[in-house]
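Bear in mind that the values in this text are calculations on the coordinates, not laboratory data. Just so it is clear, the structure is predicted and the values come from calculations on it, not from any experiment. Ideal geometry is used to build each Cβ from the backbone, glycine not excepted, and the neighbour counts take in all protein chains shown.
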Amino acid sequence: MIITHENLWWWGKSYTLILDNGKAMIEVSIEDERPDAACIQSLLVHESVRQQGIANAMLTFAEDKAKKAGCEQVYLCARKGTFLIPWYERRGYKIYDENPEYSKGQTVAMNKYFEEKE
């Protein structure tokens, strides 16, 4: 089962995709104050359905929503010490902040521009 949902908020909008009866989910948001960038709020894939390309497909879904909305980039935070940072790097994301103030040293901030900036 695939569920997609668009939420309109006072600050902008978000898109949620839920797959396989809730075993995988991604949410991407675009704030009205910053329409040039989309934020991946969460990407979750249950262990029982990993290694099947689901996360790649969900990330593509989020990036496509951002592109269609006119965003130039997508950004996110990835937990330090996990497989997530190299996984995102293989998909074109780069670290732009090694120690975001709000994460208390637990994450890095990463982003991906849709067209490489000079």
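General remarks:
- What the phi angles of the stretch 15-29 give under the Karplus curve with 6.51, -1.76 and 1.60, with θ = phi - 60°, is a coupling list of 10, 10, 10, 10, 10, 6, 6, x, 7, 8, 7, 9, 10, 10, 10 Hz, glycine and proline written as x.
- Top of 56, 99, 21 by mean-square fluctuation, Gaussian network on the chain, Cα under 10 Å: 21
- For the chain, adding -39500 (n - 2.57) for each run of n ≥ 4 DSSP H residues and dividing by the number of residues yields -5500 deg cm²/dmol at 222 nm.
- For the stretch 2-113, DSSP calls about 90 percent of its internal beta bridges antiparallel.
- Whole-Hz ³J(HN,Hα) from phi, Karplus 6.51 cos²θ - 1.76 cosθ + 1.60, for the stretch 30-44, glycine and proline x: 10, 8, 4, 6, 9, x, 7, 9, 10, 10, 7, 6, 7, 9, 10
- Sequence-ordered 3J(HN,Hα) estimates for the stretch 50-62 from the Karplus curve with 6.51, -1.76 and 1.60 and θ = phi - 60° stand at 6, 6, 10, x, 5, 5, 4, 5, 5, 5, 4, 4, 5 Hz, glycine and proline given as x.
- Taking the Cα centre of the chain as reference, the dipole from Cβ charges on Lys and Arg (+1) and Asp and Glu (-1) amounts to some 420 debye.
- Only lysine pairs 8 or more places apart or on separate chains count here, and in the chain those with Cα atoms under 24 Å apart total 23.
- Separation of alpha-carbon centers, the stretch 49-118 and the stretch 25-44, rounded to whole Å: 11 Å
- For the stretch 2-113, average projected area of the Cα convex hull in nm²: 7.2 nm²
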